[in-house]
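Colleague: First, the structure itself, so that you have it in front of you.
The values are calculated or read from the model by the stated rules, or taken from the named source; none is laboratory data. Given the structure is predicted, the values throughout are model-derived calculations rather than measurements. FYI the Cβ positions are ideal-geometry reconstructions off the backbone, even for glycines, and counts take in every protein chain you see. Accessible surface is based on the protein model in full, side chains and every heavy atom, while ligands, DNA and RNA are left aside. Shrake-Rupley method; radii C 1.70, N 1.55, O 1.52, S 1.80 Å.
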Amino acid sequence: MSVNPNIDQISPNAQLNIANSIKNNWQLDEVKALYALPFNDLLFKAQTVHRDNFDPNEVQISSLLSIKTGSCSEDCGYCPQSARYDSDLTPEALMPVDEVIKSAKLAKDQGASRFCMGAAWRSPKDKDIERVVEMVQGVKALGMETCVTLGMLNDKQTAALKEGGLDYYNHNLDTSEEYYSEVITTRTYQDRLDTLERVRDSGINVCCGGIVGMGESDDDRANLLIELANLPKHPESVPINMLVKVEGTPLSNTEALDPLVFIRTVAVARILMPQSRVRLSAGRKEMSDEMQALCFFAGANSIFYGDKLLTTDNPMSNHDLALFDRLGIYSGGSSYA
Ligand code: SAM
Ligand code: DTB
Ligand code: SF4
């Protein structure tokens, strides 16, 4: 990526908006100009926006559980749970409700404020939704926020989840519309936007982000963030995942992304979506403590916590707690809504 030393490259309009306001009409040239700022200027802007909107030393922590693992019919090129790839994963049916609650309780005792349940489905069946609603109710009864990610939903299903008390639905755009077909062919970008609209209309908070490090271009990363920021309402939660390269998946040999470009992506996400929780998501196991510290400085204020993501490893909890301590960061459970 070329680094442009001229801070005035950002249009006056964008400079004005950086201060605080929410806007939903970001243009590619504005976002590319942000990305191209000198690193210190970009991080300073991101940290300024961050401080205007959040306690800069507070990070929200969510724990993940895979409630239904593997055998997925989709062909997402990054995903070890697709039935199409030989990723050395043991498929597991939908978990019993009491086991899920037990796992949520453990996560709560370890300090998580939100419990996120993920299922390897293209889209759930109505029967599945009934069981997931029981899980949501059980987890909420522990005093935790709830999030689920189940694939594409119809109106009846979003209504049932809302009625059941679900706080957040995670459904990622993953990448730019232009790069999307290089990664997934079994459902369209528009399918994802349609599910996001249904979730938004149902009144459930939206958790939506993407993955970088999949071989996409600088423009693709900028366009992903633009898609997110130009949604009618910014997602309350924006997970930025670094690709976890899993053997057997088509993307397993992708060239590593420059860590500084990842940090820039977090910073630009913070500037474009000032009031959203930007989550430093998958890929932390491969990041140094110093890189994570820079991500927090760039405006990340949420993590997935616990030794496992869905099927791959996450940093050990005691390592994260020690890192928080070294950085003077404390966990907060503030809900957006
Ligand atoms: N099946 C549902 C779906 O795709 O919406 C829910 C589960 S799916 C595993 C949730 C998200 O995990 C994906 O959208 C993707 O962004 C992320 N993900 C999956 N595999 C990943 C990997 N290897 N590295 C980084 N993120 C990954
Ligand atoms: C999100 O954006 N990242 C999480 C969560 N939402 C569901 C999932 C990451 C999965 C990483 C690969 C795995 O563990 O299977
Ligand atoms: Fe299935 Fe979700 Fe994995 Fe795609 S990301 S293969 S839909 S589990």
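Colleague: What ratio of Cα Rg to 2.2 N^0.38 Å holds for the range 228-337?
Modeller: Details: Rg = 14.3 Å, N = 110, 2.2 N^0.38 = 13.1 Å.
So the range 228-337 has a normalised radius of gyration of 1.09.
Colleague: Just to be sure I understand: of the beta bridges DSSP finds with both ends in the range 28-170, what percent are antiparallel, rounded to 5?
Modeller: Percent antiparallel among DSSP bridges in the range 28-170 is about 5.
Colleague: I've got another one for you. Tell me the GluC sites (Glu not before Pro) within the range 241-332 that lie in a loop according to DSSP and have at most 14 other beta-carbon atoms within 10 Å. Numbers along the way, then the final one.
Modeller: Details: sites: GLU247, GLU255, GLU286, GLU290; in loops: GLU247, GLU255.
Loop-located and lightly packed - GLU247, GLU255.
Colleague: While we're looking at this one, here's another question. Tell me whether the range 76-185 comes out rounded, prolate or oblate; compute the Cα gyration tensor, take square roots of the eigenvalues as a ≥ b ≥ c, and use a/c under 1.5 as the rounded threshold. Spell out each step's value before the answer.
Modeller: Values: a/c = 1.79, a/b = 1.51, b/c = 1.18.
Prolate shape, in that a/c is at least 1.5 and a/b is the bigger ratio.
Colleague: To the nearest 500 deg cm²/dmol, what mean residue ellipticity at 222 nm is calculated for the chain from DSSP H runs of n ≥ 4 alone, each contributing -39,500 (n - 2.57), summed and divided by the residues? All intermediate terms of the calculation are to be shown ahead of the outcome.
Modeller: Values: 12 runs with 135 residues, N = 337.
Calculated from helices alone, the mean residue ellipticity at 222 nm is -12000 deg cm²/dmol.
Colleague: Here are some pairs, LYS105/LYS156; LYS32/LYS156; LYS105/LYS127; LYS45/LYS156; which of them have Cα atoms lying more than 31 Å apart in this structure?
Modeller: Those over the limit are LYS32/LYS156; LYS45/LYS156.
Colleague: Put +1 on the Cβ of every Lys and Arg and -1 on every Asp and Glu Cβ in the chain; which of TYR169, ASN40, GLY138 then has its Cα farthest towards the positive end of the dipole?
Modeller: About the Cα centre, the residue reaching furthest to the positive side is GLY138.
Colleague: Just to make sure I understand: if all protein chains stay in place, what is the order of LEU228, LEU89 by accessible area at 1.4 Å, largest first? Don't skip to the answer; put the middle values down first.
Modeller: Details: LEU228 0, LEU89 55 Å².
The most accessible residue leads, giving LEU89, LEU228.
Colleague: If you don't mind, there's one more thing I want to ask. What ratio of Cα Rg to 2.2 N^0.38 Å holds for the chain?
Modeller: Rg over 2.2 N^0.38 Å, computed on Cα atoms: 0.94.
Colleague: Which residues in the range 287-310 place their backbone N less than 11 Å from a point set 7 Å from the Cα of ALA256 along the Cα-to-Cβ direction?
Modeller: Inside the label zone: 287-288.
Colleague: Using only the Cα atoms of the range 36-99, build the gyration tensor, take square roots of its eigenvalues as a ≥ b ≥ c, and label the shape rounded, prolate or oblate: rounded if a/c is under 1.5, else prolate if a/b is larger than b/c, else oblate.
Modeller: oblate
Colleague: On average, how much accessible surface per residue is there in the chain, in Å², for a 1.4 Å probe, leaving out ligands, DNA and RNA?
Modeller: Normalised by residue count, the accessible surface of the chain is 41 Å².
Colleague: When the accessible area of the chain is computed with all protein chains present and a 1.4 Å probe, what percentage of it is carbon and sulfur? Walk me through the numbers before you get to the answer.
Modeller: Values: 6990 of 13980 Å².
In the chain, the share of accessible area belonging to carbon and sulfur is 50 percent.
Colleague: Another question, if that's okay. Nearest 20 debye, what's the magnitude of the dipole of the range 229-289 about its Cα centre given +1 on Lys and Arg Cβ and -1 on Asp and Glu Cβ?
Modeller: 300
Colleague: Under a Cβ-only charge scheme (Lys and Arg +1, Asp and Glu -1), can you give me the dipole magnitude of the chain about the Cα centre, in debye to the nearest 20?
Modeller: In debye, rounded to 20, the chain gives about 780.
Colleague: Give the value in nm², to one decimal: projected area of the alpha carbon convex hull of the range 159-264, averaged over all directions.
Modeller: Orientation-averaged projected area of the Cα hull: 7.4 nm².
Colleague: Continuing with this model, one more query. Report, ordered by chain and residue number, the aspartates and glutamates lying within cross-link reach of LYS285, taken as a straight Cα distance under 13 Å and ignoring same-chain residues fewer than 8 apart.
Modeller: Within the straight-line limit of under 13 Å, LYS285 reaches these aspartates and glutamates: ASP307, ASP313, ASP320.
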